[in-house]
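Every read-out reported here was derived from the displayed coordinates using simple, explicitly stated rules and does not represent laboratory data. Note that the coordinates shown come from a computational prediction; the quantities given were computed from them, not determined experimentally. Ideal geometry is used to build each Cβ from the backbone, glycine not excepted, and the neighbour counts take in all protein chains shown.
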Amino acid sequence: MIKNLLLVGMGGAIGFILRFACSILFNTRLFPWSTLFINITGCFFIDLIFAFGIRDIHFSNNWKLFIATGILHDRNV
């Protein structure tokens, strides 16, 4: 249980830094391009991760927690 919390927490910290950098990169006031970019790429990579997990391609639950739930889970900046 503690290991899972740490994996999600570390992934979340990395994900937040990446999302914040993306929001600085796509800094516009007319349309939230950074949010659109983050949501589309995050959904794409989460789908890939779970597709590989279903096909049983050596993708453990720890990696799924770290990447999909931690890094790629959408939290708008």
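Note on Asp56/Leu25: beta-carbon distance plugged into 1/(1 + (r/R0)^6) with R0 of 30 Å gives a FRET efficiency of 0.25. The C-alpha atoms of the chain define a longest principal axis, and helix 33-54 lies at about 10 degrees to it. Computed over the alpha-carbon pairs of the chain, the distance histogram in 10 Å steps reads 20, 44, 27, 9, 1 percent, short to long. For segment 8-47, the normalised intensity computed at q = 0.26 Å⁻¹ comes to -0.91 (log10 of I(q)/I(0), Debye sum over alpha carbons, equal scatterers, no solvent). Per-residue packing, averaged as other Cβ atoms within 10 Å, sorts the ranges 25-31, 1-7, 42-48, 67-73 into the order 67-73, 42-48, 1-7, 25-31, beginning with the highest.
Rounded to the nearest 20, the Cβ-based charge dipole of the chain about its Cα centre (Lys and Arg +1, Asp and Glu -1) stands at 140 debye. Once the Cα atoms are used to define both axes, helix 2-25 deviates from the longest principal axis of the chain by about 20 degrees.
The sum of -39500 (n - 2.57) across all DSSP H runs of n ≥ 4, divided by the residue count of the chain, sets its helix-only mean residue ellipticity at 222 nm to -21500 deg cm²/dmol.
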